[in-house]
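The values are calculated or read from the model by the stated rules, or taken from the named source; none is laboratory data. Given the structure is predicted, the values throughout are model-derived calculations rather than measurements. A quick note on method: Cβ atoms are made from the backbone with ideal geometry, for glycine too, and the neighbour counts reach across all protein chains shown. All accessible areas refer to the heavy atoms of the entire protein, side chains included, with ligands and DNA or RNA removed. Shrake-Rupley method; radii C 1.70, N 1.55, O 1.52, S 1.80 Å.
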Amino acid sequence: MTWEAWVAVCAAVAALAALLLVLVLGLRQRELRRRIESPRSGTSERALRLARDVDETGQQVAFVANPSKQDVPALRAAVLRACSELGLPEPLWYETTIADPGVGQTRKAVAEGADVVVAMGGDGTVRAVAEGLVGTGVPMGLIPLGTGNLLARNLDLPLSDPLAAMRTALEGRDRTIDVGWLRVHRWESESEDDDDPADEVQLPRDHIFLVIAGLGFDAAMVAGTDEQLKARVGWIAYFVSGMRHLHGRRTRVHVRLDDQPMTSTRLRSLLIGNCGRLPGGITLLPDAVLDDGWLDVAAIDTRGGIAGWAQLFGEVVLQGAGVRNDLPAKIGRIDHTRAQEVRVVVESGEHVQVDGDIVGRVTELSARVDHASLVVRVAAV
């Protein structure tokens, strides 16, 4: 079968999967609204029992919500009801804006005495709330309402039941985890052959990531994802975008891990992760642990067109099941290592993403781990 035929087959499979996902999401959305709007859901009875049996009536809860998520108004009514039934003070409520996606609101919540700050939105909202809480000791709860819900997925939090996630945020236990920080040292627009004085030089700053930062194919896939399609079919939209980048070029990357000498290699993607579970049952970094003080690094490469990508997919499936294929001369491979600091130089410039948010096109960056700097609220059991 020719590669064109393989692409056609994959596209057909993707279209069918997207159709099925739309139907499933529609049914889940209808059930979700029914649960949220029900004044006597299981949340109420459990809350009343806890109010009698657990002395946590002084907990001041703050919610930082992304108002662009359509279920937020109904959820606000639900959280107010639940906090009241638990005997908690009236929760603080903040909404994100385009100018401030949640960092400022979170810091204000901490300054106003919040004992727990709950991020209500997608991965961008979670990242912003986490940035505002790092080093404070104030725990972060999560009510995931996004496409990937990456951190919630890796913490085994409810992904399709916001009321269950809210119960965890109010009643769960606290766990300390690491966070990663990515800093861009040189943007592609700052390259020596760029003489356009109109280009604005961006100042270096740290970008927090809780799951995975990536350079190359994965970031280009995120950058090329159609937002309207993502709103309709969720993470399948990333797969559709990825199909368009399968025949992109390999990139020469120079990498230094901690104090080791810099090495050079050609690859499709370089992933730097704090944990490794992604949507669709994919585990890209099977050795990554959220609180071990290390960043897990994966170099992904394929050759041989569709055959290389097919072998790479097989590698991902096998390693997710705990099986490693160490055979040499593979045309699709993932090489794993770990470090506490990573320096990357890519002279031609590449897209970079953090937890599914595009940072930009860069030629030099570094990443570091901030050990045990964030407290998150997870299931009590």
Where a label projected 7 Å from the Cα of Asp287 along Cα→Cβ would reach, residues of the range 251-268 with amide N under 17 Å:
256-260
Taking N as the number of residues in the range 267-378, what is its Cα Rg relative to 2.2 N^0.38 Å?
1.13
Rank Phe313, Phe217, Phe209, Phe239 by accessible area, highest first, at a 1.4 Å probe radius?
Phe313, Phe239, Phe217, Phe209
How much length would be gained if the chain were fully extended between Val323 and Glu112, taking 0.36 nm per residue of separation minus their Cα-Cα distance, in nm to one decimal?
71.0 nm
With a 1.4 Å probe and all protein chains left in place, how much accessible area per residue does the range 276-350 have, in Å²?
48
Expressed in nanometres to one decimal, the distance between label points 7 Å along Cα→Cβ at Phe313 and Ala231 is 3.0
Per q in 0.18 1/Å, what log10 I(q)/I(0) does a Debye calculation on the alpha-carbon atoms of the range 236-299 return?
-0.87
Tell me, what is the per residue accessible area of the range 93-238 in Å², probe radius 1.4 Å?
41
Excluding ligands and nucleic acids, what accessible area in Å² is computed for Val110 using a 1.4 Å probe, to the nearest 10?
40
Straight-line reach check, Lys108, cutoff 26 Å on alpha carbons, 8 or more apart in-chain or any other chain, hits among lysines -> Lys69
Carbon and sulfur: what percent of the range 216-283's accessible surface (1.4 Å probe)?
54
Accessible area of Leu295 in the full protein assembly, 1.4 Å probe (Å², nearest 10)
0
